[in-house]
Structure formats: C-alpha cells, structure tokens
Amino acid sequence: MTMTDTVLRTPYQRSIARYWDEERDPVNIRLGEVDGLFHHHYGIGAVDPTLLGDSAPSEERVIAELHRLESAQSTFLLDNLGDIGPADRLLDAGSGRGGTSFMANQRFGCQVDGVSISQQQVDFANAQAAERGVGDQVRFHFRNMLDNGLPDGSVRAAWNNESTMYVDLFELFAEHSRSLAFGGRYVTVTGCWNDLTGGRSKAVIQIDERYTCNVHSRGEYFRAMAANSLAPIEVIDLTALTIPYWELRARSSVATGVEESFLTAYKEGSFHYLMIVADRI
C-alpha cells in the first residue's frame, strides 16, 4: 500500500484530491497574488467604496477588495482561537494553499501544522513557507484530516475554514477531540443548510454539485460535537456579513457562476454561514 492509498481511503476522497490537485481557479490565485496570502474560502464585511474608487472600479481594485474581505474572515477566525502563545501548536485542517496558517503564525509566533489531501496544495504551501522564511514553524502535510498524524493532546487550537463539507462530522470531531489538549479551542467556519427547511434547497444542491461536496445541516454540527467532547461556547451567524462579498464577486472578472446559488440560498434562508467556537472538555 502506498502513502497515497493510506491518505486517500475512498474513491470519493481520491476524486476530491484530484479536483484540488488540478484546480487553478482565478478566484483563488488572482486574489492571493495581491499580497501572497492564498486563501480557499469566502469573505465577510462591508465593501469599502473608498477602496473601490469610482462607479466603474478597475479590475485590480475589485480583486484587492475581494481579497481584503477574505482575509478579514481569517482574521475573525483567529480572533476566536483564545489565548495562544509562541510555545503552542495549532492545526489547520484542510489548509489549502496555506493563507490562514501563515496569518496565524505571523500573529501568534507559534508552530502551525496544516493538512490537506491535495499534494499540489501541500507542495505549494510548503514552498510559500520556505519563501517566507518560516519553514521551521509552518509545515504542511499530505494527510487526511480524519487522521492528522499529530500526537494525542498536542494541539492547543484547531480549525476548519470551509473544509468540513468533505468529511463525516462525527469522524472529524473525534479526531479533533483526540489531538486537542483538554481545554483546547476548536473553531469552524462553514456553510450549512437550515434544518427547518426540511432538506437541501435547490440552491444548496447546486453548491454541492459545483464543489463535489456534501454540505451538512446546521444541527449535524452540534450533534457531532456533543458526541465528541466539544462544547460550543459561541455560535456566530455570519450570513449577512458574507452577502456583500458574494454580490461584489458576482460582478467581478473572477466570478465562477456559483455566486447566484450562494446568494439565493443565503437570502431565502435555506443556507447559513456560521462560525462555531467550541472547547475540548
């Protein structure tokens, strides 16, 4: 059995790895080129008209503003990790090209481990770490977030930034619970469908199809946390805060066609954008 077979356990996981290995979406690459922080998530906050300029802003200004909003989302996630010091270890589960991991290291000065099932993302992020001169502190691993390879209780804080929709939540939270220290912090930012609607709406189904993912219901997160010694201490609804990002992106040169599905789902109430903050108990 090869290392790839060990990390990618199912045909579905192999298909997801191929998708991200081959992905070169401008909405991820162009935005990251603004300042070298490459994210794989969405943005929050009001669009700043003073940064866009006139009524017909340049493409460069729109790209820069979209990137500012996605970095604001990462900043808010880091705000909720608790009291982190240089001696602590953090885990970025589903780390993509590493943007949030680098922001965490810059902010806290601590070790950060990122895991991804995309070898292309891991190689890219490790090259970024070397270029930034932090390769001894920020390391990315070709691993499955359901088996992150870190010692029991070794992690002070962990997060999933829009990556939980690719895995079973009970398995994921069991692994986070294993690797987190007692009292450690877990944060997830995620889209989830509204249990009160009775199932996935048409717009949510379109999102699943676009990203080959399986968006979970809101209630599933809390059931899986309760089963795995993760106690939610705060739930923040970011839905209204993310809509400006999507409206701007829909008008941009990096629109992918999925923007209307997100906007429809958010505005009709069938889909929520949440941050869940929990402690390991």
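The values are calculated or read from the model by the stated rules, or taken from the named source; none is laboratory data. In this text the structure is predicted, and so the values were computed from the model without any measurement. Here the Cβ positions follow ideal geometry from the backbone for every residue, glycine too, while neighbour counts run over all protein chains shown. Only protein heavy atoms, including side chains, enter the accessible area calculation; ligands, DNA and RNA are left aside. Shrake-Rupley method; radii C 1.70, N 1.55, O 1.52, S 1.80 Å.
Structure notes:
- Selection status of LEU77, buried (at least 16 other Cβ atoms within 10 Å of the Cβ), in contact with a strand residue (DSSP E or B) (Cβ under 7 Å, 6 or more places away or on another chain) and part of a loop (DSSP other than H, G, I, E, B): no
- Filter result (in contact with a Phe, Trp or Tyr (Cβ under 7 Å, 6 or more places away or on another chain) and under 12 Å from GLY98 (Cβ atoms)) within segment 29-44: GLY32, LEU37
- Of the residues making up segment 6-61, just one is in contact with a strand residue (DSSP E or B) (Cβ under 6 Å, 6 or more places away or on another chain) and in a helix (DSSP H, G or I), namely VAL7.
Every residue, every condition in (1) within 18 Å of the chain's Cα centre (by Cα); (2) open to solvent by less than 10 Å² (accessible area, probe 1.4 Å); (3) under 23 Å from THR75 (Cα atoms), yes or no:
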position	(1), (2), (3)
ILE233	no, no, yes
TRP246	yes, yes, yes
VAL258	yes, yes, no
SER261	no, no, no
GLU268	no, no, no
MET275	yes, yes, yes
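Table: residues versus (1) over 30 Å from PHE262 (Cβ atoms); (2) in contact with a helix residue (DSSP H, G or I) (Cβ under 8 Å, 6 or more places away or on another chain); (3) open to solvent by less than 20 Å² (accessible area, probe 1.4 Å).
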site	(1), (2), (3)
VAL134	yes, yes, no
ARG143	no, yes, no
GLY153	yes, yes, no
ALA157	no, no, yes
SER163	no, no, yes
ARG178	yes, no, no
PHE182	yes, no, no
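- Only one entry of ASP79, ASP48, ASP54, ASP35 meets the criterion of being out of contact with any helix residue (DSSP H, G or I) (no Cβ under 9 Å at 6 or more places or on another chain), within 27 Å of LEU238 (Cα to Cα) and among the charged types (D, E, K, R), and that entry is ASP79.
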